[in-house]
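One structure is given below, encoded as structure tokens.
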Amino acid sequence: MSDVYEAELVVDKREFAADGVLALTLRHPLGEPLPAWEPGAHLDVVLGPDLERQYSLCGDPADRSAWRIAVLREPAGRGGSAYVHEELGEGDKVRVRGPRNHFALRPAARYRFIAGGIGITPVLPMLAAAEAAGAEWTLLYGGRSRNSMAFTEELARYGDRVTVAPQDEAGLLDLGSVLDALPEGTLVYCCGPGPLLDAVEARCPSGALHVERFQAKEQPVGEDGEFEVELAQSGRTLTVAPGVSVLDTVRASGVEVLFSCTEGTCGTCETDVLEGTPEHRDSVLTEEEREAGETMMICVSRCKGKKLVLDL
Ligand code: FES
């Protein structure tokens, strides 16, 4: 099992950051410092049995006394956001695991940030880091309406580097204004709803682009054949049946592994691949990481050949 930090934290502060967006400040009940994190990191928040959600850290990484997350109420969601909005009050405890970062800010001279709705959360600390590093950057931030867009007051201090473009005032985000004629050496960081990420992916050179998805990306349907998985740490070999995930196969054998979303978006189940070629079906790894084949998300990804050797 991984030695990732896990603790029950206290909801110290609960305030609305926009219509339907609740910002929670979490602290350790004994005032212990929390693990360090970098912009782009997220937490697994355990909201009940079989109810875990991932939320990006959107506070100040230098403040080890508190973590801040923001939760959009999603009426059509599966219960996580409703629980946070309706049940979690100031003084309540909540179990968290992490932080984990699959959306790290790489060094660059120039950044173009694009955020849609609650996708502003991982981007917010990135702006401060880009600013502190002296990089040249801009943010294009869209949402349904101005009132639904979180943290616009905090963004005001960045002046005209931030373009706030609510859809009911400005229509769809003008991605061409950001992505066409991208200067050499610019990195693009984008987080938001799937259609926005798809549109950005279609328009942006892939080497420049970093995205974080909250919902699983549609994957090309691959063959769901049987293959073997050797667990290097125990020397055991398991057969992964068609239609059954590597994660479920490994767990059924009694080996404990960390997992959370089970749909290839959170990165919790990331496992090192020692031999064999994974068939990646996740929404976490970049094209380069997929090609390198050194790790895989065992909740969704499978095997291109007959066998994988995993570091489990
Ligand atoms: S459990 Fe979330 S990516 Fe596998």
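Derivation of every value follows stated rules applied to the coordinates shown; laboratory data play no part. Predicted model, so just to flag it, every value in this text is computed and none were measured. Counting neighbours? That spans all protein chains shown, and the Cβs are built from the backbone with ideal geometry, glycine included.
Annotations
- Sequence-separation-based contact order of the range 106-194, relative, with Cα cut under 8 Å and 6+ spacing, percent: 44
- Here the label points at E294 and A181, each 7 Å from Cα along the C-beta direction, are separated by 3.8 nm in the simple model.
- Segment S65..T286, full-extension length gain: 76.4 nm, with 0.36 nm per residue of separation and the alpha-carbon distance subtracted.
- Options M296, Q233, Y55, ranked by Cα towards positive dipole end of the chain, top entry (Cβ charges): Y55
- Cubic angstrom per residue, convex hull over Cα atoms of the range 17-128: 113
- Each Cα pair under 8 Å and six or more residues apart adds its separation to the average, and for the chain the resulting relative contact order is 15 percent.
- Rounded to 5, percent antiparallel among DSSP beta bridges of the range 15-148: 75
- Distance from the Cα centroid of the range 223-291 to that of the range 155-196 is 35 Å (rounded to whole angstrom).
- Descending semi-axes in Å of the range 92-251, equivalent ellipsoid built from Cα gyration tensor: 36, 19, 18
- Cα long-axis angle, helix 120-132 against the chain (0 to 90 degrees, to the nearest 10): 70
- Subtracting the Cα-Cα distance of D160 and A241 from their residue separation scaled by 0.36 nm leaves 23.7 nm.
- Globularity index of the chain, i.e. its alpha-carbon radius of gyration over 2.2 N^0.38 Å: 1.03
- Taken over the alpha carbons of the range 162-312 as equal point scatterers, the Debye sum produces base-10 log I(q)/I(0) values at 0.08, 0.12, 0.19 Å⁻¹ of -0.30, -0.59, -1.10.
- Computed from the Cα positions only, the extents of the range 184-266 along the three principal axes stand at 48, 26, 22 Å, in decreasing order.
- DSSP bridge pairs, the chain: antiparallel proportion in percent, nearest 5: 60
- Extension gain (nm, one decimal) between E136 and A76, 0.36 nm per residue minus Cα-Cα: 17.8 nm
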